[in-house]
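S.K.: Handing you a structure now.
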Amino acid sequence: MDDLDRDLLSALRHNARTAVSSLAAMTGVSRATVSARIDRLVETGTITSFTIRTGHETRAAGVRAIVMIEVLGRLADRVADQLRGLPQVRALHSTNGKWDFIAELEDRDLASFDETLRRIRLIDGINTTESNILLKTSKTGF
């Protein structure tokens, strides 16, 4: 990966719909070069998808939170499988240190979030959890 690849990735992270012609103008190379580079980045798995993220104004009112999870013994794989099966879990991260997992949750309201948290705490192998409701997000993406 060279500077051109990094410049293209940066531009696409900011706006995945940026036209190839605009990327070419931004980077000072031809459209054919941009297309070839993007194709290569996809083929090598550096780019795995092109997507959009909606802003908070387009989301239904809801509750977003992170839940730190400590797992007992060697049950992490089983716990992770069960957590990934919950539709409210938007992302699941394994970590080092005190917490084994950090789950990003999104639920429709506080009552639903409370029920989701109760279900998580009942998963066999979970020792303890700590949750934090996200109040405001000022930056998303990389």
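S.K.: I'm trying to understand the selection: among the residues of the stretch 107-118, which are open to solvent by less than 50 Å² (accessible area, probe 1.4 Å) and in contact (Cβ under 8 Å) with a residue 40 or more places away in the chain?
M.R.: Passing the criteria: Asp107, Ser112, Phe113, Leu117.
S.K.: For the stretch 71-98, give me each residue that is closer than 19 Å to Thr128 by Cβ, without any contact (Cβ under 8 Å) to a residue 24 or more places away in the chain and open to solvent by 60 Å² or more (accessible area, probe 1.4 Å).
M.R.: Arg74, Asp77, His93, Ser94, Asn96, Gly97
S.K.: Can you run down the residue pairs with Cβ atoms below 7 Å, 6 or more apart or on separate chains, where the first is in the stretch 11-29 and closer than 13 Å to Thr51 by Cα and the partner is open to solvent by 70 Å² or more (accessible area, probe 1.4 Å) and at pLDDT below 95?
M.R.: What qualifies is Arg13/Phe142; Ala16/Phe50; Ala16/Thr51; Ala16/Ile52.
Okay, residues lined up against (1) of a type in the set (Gly, Ala, Ser); (2) under 20 Å from Gly62 (Cβ atoms):
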{"residue": "Ala80", "(1), (2)": "yes, no"}
{"residue": "Gln88", "(1), (2)": "no, yes"}
{"residue": "Asp100", "(1), (2)": "no, no"}
{"residue": "Ser112", "(1), (2)": "yes, yes"}
{"residue": "Arg119", "(1), (2)": "no, yes"}
{"residue": "Glu130", "(1), (2)": "no, no"}
{"residue": "Thr137", "(1), (2)": "no, yes"}
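The values are calculated or read from the model by the stated rules, or taken from the named source; none is laboratory data. Please read all numbers here as calculations on a predicted model, not as lab measurements. Please note: Cβ atoms are built from the backbone with ideal geometry, for glycine as well, and neighbour counts cover all protein chains shown. These area figures cover heavy atoms from the full protein model, side chains too; ligands, DNA and RNA do not enter into them. Shrake-Rupley method; radii C 1.70, N 1.55, O 1.52, S 1.80 Å.
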